[in-house]
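In what follows, a structure is listed as structure tokens, so that the remarks can point back to it.
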Amino acid sequence: MTTEPPAQQPEPPASLSTLTRSTPLLVTVVVLVVSVVGALAFLTLQSHRPALGSASVGDCVAGVSEGKALTEARRAECSDSSAIYRVLDKVSSETDCLKVAGTEATVPTDADGEQYLCLMAKNADASQGVNTLRAGSCLIDDASDLSGIRKSDCVPGSYPVQAVLTSSKGLTSRDTLDKCAAAGASSPERFYEWSMLRYGDSTVSITTDMVLCLGAVN
């Protein structure tokens, strides 16, 4: 009698056994890859975020000056010796900064120019800013001020402001005093042209924004 050999039980596929053992490792690798990619994406986003975009009112900024690229500008602690300006406001256009008391300069927060920071010297007093001067105010020369002059009490040595011209279009040095008189200055003896500094990429634009008609020194 012929005896049939016992049927052999099929062995489980090697691939199934291998897959079962390697699944936790595979999941771990995938999680690590996703985490690394996410971290790199976050760092890339941070590195391309405008350096001044996070600046708020009251913050100070450094790296804003003629000859410096805007990529060097950054928000800084006001105790930082490299910080020159303090932020007075954040607006949508350069000209809006002219209405912010104390503004001496403006700089875009990014290359698109969608927002601008209105700046004054970090230790200055906004209430003494040149753009707050009106007829009846007085000013003094102040070498320590970025603008060269500042608003003051009408004390000896100060100059009375008799009129303010908000446009210098068409003015020449010869007819400015006549324009001052036409604007209401009683006895103008001199005038002062004031410009808000407009910082760009390595440049600064200077355009006369106000002409102060001054009387004789007090």
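Numerical summary
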{"item": "Test result for Asp142, open to solvent by 70 Å² or more (accessible area, probe 1.4 Å) and farther than 15 Å from Met210 by Cβ", "result": "no"}
{"item": "Residue identified as of a type outside the set (Phe, Trp, Tyr) and closer than 21 Å to Cys97 by Cβ among Gly170, Gly200", "result": "Gly200"}
{"item": "Tally, over segment 179-202, of residues that are part of a strand (DSSP E or B), farther than 30 Å from Ala73 by Cα and charged (D, E, K, R)", "result": "1"}
{"item": "Per-region count, segment 64-91, residues under 22 Å from Val130 (Cα atoms) and either at pLDDT 90 or above or not charged (D, E, K, R) (or both)", "result": "11"}
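One line per residue, one yes/no per condition, for (1) within 13 Å of Arg198 (Cβ to Cβ); (2) open to solvent by less than 40 Å² (accessible area, probe 1.4 Å); (3) touching a residue at least 12 places away in the same chain (Cβ under 8 Å):
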{"site": "Ser79", "(1), (2), (3)": "no, no, no"}
{"site": "Ala83", "(1), (2), (3)": "no, yes, yes"}
{"site": "Lys90", "(1), (2), (3)": "no, no, yes"}
{"site": "Val100", "(1), (2), (3)": "no, yes, yes"}
{"site": "Glu104", "(1), (2), (3)": "yes, yes, yes"}
{"site": "Leu117", "(1), (2), (3)": "yes, yes, yes"}
{"site": "Gln128", "(1), (2), (3)": "no, no, yes"}
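The values are calculated or read from the model by the stated rules, or taken from the named source; none is laboratory data. None of the values given here were measured: they were computed from a predicted structure. Cβ sites come from the backbone with ideal geometry, for glycine too, and all protein chains shown count toward neighbours. Accessible surface areas use protein heavy atoms only, side chains included; no ligands, DNA or RNA. Shrake-Rupley method; radii C 1.70, N 1.55, O 1.52, S 1.80 Å.
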